[in-house]
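Engineer: Structure in C-alpha cells, see below.
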Amino acid sequence: MFSKMLKKRFNMFIFFCLWSISGVFGVGEVESVSVTEGESVTLNLDITKTQEGELIWRFEQILIATFNIQNNESECHDNTAGGRFRDRLELDQNGSLIITNTTTQHTGLYGVYNRSDININIFSLTVYARLPVPVIISDSVKSSSSSSEQSCSLVCSVVNVSDVTFSWYKGNYLFSSIKMSDFNISLSLRLEIECLDDSYSCVINNPIRNQTQHLNSTELCQPCPETLHCCGFTEAVIRLVLSALVGVAAVAFLFYDITSRRLQQKKSLQTSQSHTD
C-alpha cells in the first residue's frame, strides 16, 4: 500500500514536471481545484483559446473524453484509467469536464488538447476525503501532584484520515496541534484540564473543510473538590453568608460568656465584702 502511494506520487511529480516544461513553449498555467469526496466538480474549459476542431480530455495522459466544437458532440471514455471514472463523466455545452461523485482516486492532473496535441488547459484536482467528527473520551481522573486540586485527563481521536491538521483549542486560542500528511492513519491528542472547564474544543481540518467537537466536561470529568473556587457563584455567596453568621454567633457567645463571668465575679466580691462588714 505504501509503495503504491509513493509510486503514484512519483508518477504525478514526473508528469507535472513534463507538463511544466511544455508550458515554457506556450502551454497555459496550471489551475488548482479542490473538492471534498462525494461532491461534483467542473473543470471549466477556456473555449476562447480554440474555436474549431476536436478537443481531447486526458487524465495523467490517459484519454477520458472528446468534444467536437463544430457540432457540439461529446464522448466520454469512462472505462479507461482503471474504471475510476465509470458513470461519473459528463461534458457540458462548452466542452468543460464534469466529474460527479468524486473520490480520492480522481486526484491528479487533467489536460485539454487539440488535434495537433497542443495543450489548451491544465488542471490540478485534489479530492479530499470526508473528515470524521472527532471523539473525546475521558482517559483518567487523577489528583495533580502539585496541588490538592483534581485534573481531568482527556483524549481526542480520529481514524482513517489523510493530510490533516489536528488541534485542541481553548476558546479561539490554539492550545496544541499536530499536522500529518500520511494516508489513512489514526490520530490522538491528549489534554489535561482542571475540573469542569468547557472552554476547550477538538478540531480536525484540511485546506477546505473542518470538523469540531466541543468538550462537555460535565459528562467526562469528575466534579471539583468541595472548595470555594469550584462552586457556583450563588452557592459561594450562601457559604460566605453562613460562615459570617457562624462567626458573628461565635463572637456574641464569647462576649456573653465573658460578661456573665465578670458579673458573677463582681457579685461574689460584693457578697464577701458584706459578710466581712
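The values are calculated or read from the model by the stated rules, or taken from the named source; none is laboratory data. Because the structure is predicted, anything quoted here is derived from the model rather than measured. Here the Cβ is made from the backbone with ideal geometry for all residues, glycine too, and neighbour counts use every protein chain on show.
Engineer: When you look at residue 235, is it among the charged types (D, E, K, R), closer than 25 Å to residue 152 by Cβ, assigned to a helix (DSSP H, G or I) and at pLDDT below 90, yes or no?
Structural biologist: Values: among the charged types (D, E, K, R): yes; closer than 25 Å to residue 152 by Cβ: yes; assigned to a helix (DSSP H, G or I): yes; at pLDDT below 90: yes.
Taking the combined requirement at face value, the residue satisfies it.
Engineer: Residues of the range 161-196 being free of Cβ contacts under 8 Å to residues at least 24 places away in the same chain and either in contact with a helix residue (DSSP H, G or I) (Cβ under 6 Å, 6 or more places away or on another chain) or of a type in the set (D, E, K, R) (or both), which ones?
Structural biologist: Of all residues in the range 161-196, those free of Cβ contacts under 8 Å to residues at least 24 places away in the same chain come to 172-174, 176-182.
Across the range 161-196, the qualifying residues are 179, 182.
Engineer: Another question, then. What residue, among those in the range 164-205 that are assigned to a strand (DSSP E or B) and small (Gly, Ala, Ser), is nearest to residue 104 (Cα to Cα)?
Structural biologist: Step one: list which residues in the range 164-205 are assigned to a strand (DSSP E or B), which gives 164-170, 173-180, 185-194, 200-205.
Subsequent filtering for residues that are small (Gly, Ala, Ser) retains 167, 176-177, 186, 188, 201.
Values: 167: 24, 176: 28, 177: 25, 186: 18, 188: 23, 201: 28 Å.
Applying the filter and picking the extreme gives 186.
Engineer: Sticking with this structure for a sec: Determine whether the range 214-224 contains at least one residue that is in a loop (DSSP other than H, G, I, E, B), at pLDDT 90 or above and either outside the structural domain of residue 32 (by TED's automatic domain parsing) or small (Gly, Ala, Ser) (or both). Lay out the reasoning, then the answer.
Structural biologist: Let us first name the residues in the range 214-224 that are in a loop (DSSP other than H, G, I, E, B), namely 215-216, 221-224.
Then drop every residue that is not at pLDDT 90 or above, which leaves 215-216.
Pick out the ones that are also either outside the structural domain of residue 32 (by TED's automatic domain parsing) or small (Gly, Ala, Ser) (or both) and you get 215-216.
There is at least one residue in the range 214-224 that is in a loop (DSSP other than H, G, I, E, B), at pLDDT 90 or above and either outside the structural domain of residue 32 (by TED's automatic domain parsing) or small (Gly, Ala, Ser) (or both).
Engineer: Out of the range 157-208, which residues are in contact with a Lys or Arg (Cβ under 7 Å, 6 or more places away or on another chain) and over 20 Å from residue 127 (Cβ atoms)? Walk me through how you get there before you give the answer.
Structural biologist: We begin by selecting, within the range 157-208, every residue in contact with a Lys or Arg (Cβ under 7 Å, 6 or more places away or on another chain); these are 165, 199-200.
Within the range 157-208, 199, 200 qualify.
Engineer: Here is a further query. Would you check if residue 88 is under 30 Å from residue 46 (Cα atoms) and at pLDDT below 95?
Structural biologist: It is false that residue 88 is under 30 Å from residue 46 (Cα atoms) and at pLDDT below 95.
Engineer: For the structure I just gave you, tell me whether residue 112 is surrounded by 17 or more Cβ atoms within 10 Å (Cβ to Cβ) and either of a type in the set (Phe, Trp, Tyr) or in contact with a strand residue (DSSP E or B) (Cβ under 9 Å, 6 or more places away or on another chain) (or both). Steps first, please.
Structural biologist: Details: surrounded by 17 or more Cβ atoms within 10 Å (Cβ to Cβ): yes; either of a type in the set (Phe, Trp, Tyr) or in contact with a strand residue (DSSP E or B) (Cβ under 9 Å, 6 or more places away or on another chain) (or both): yes.
Yes.
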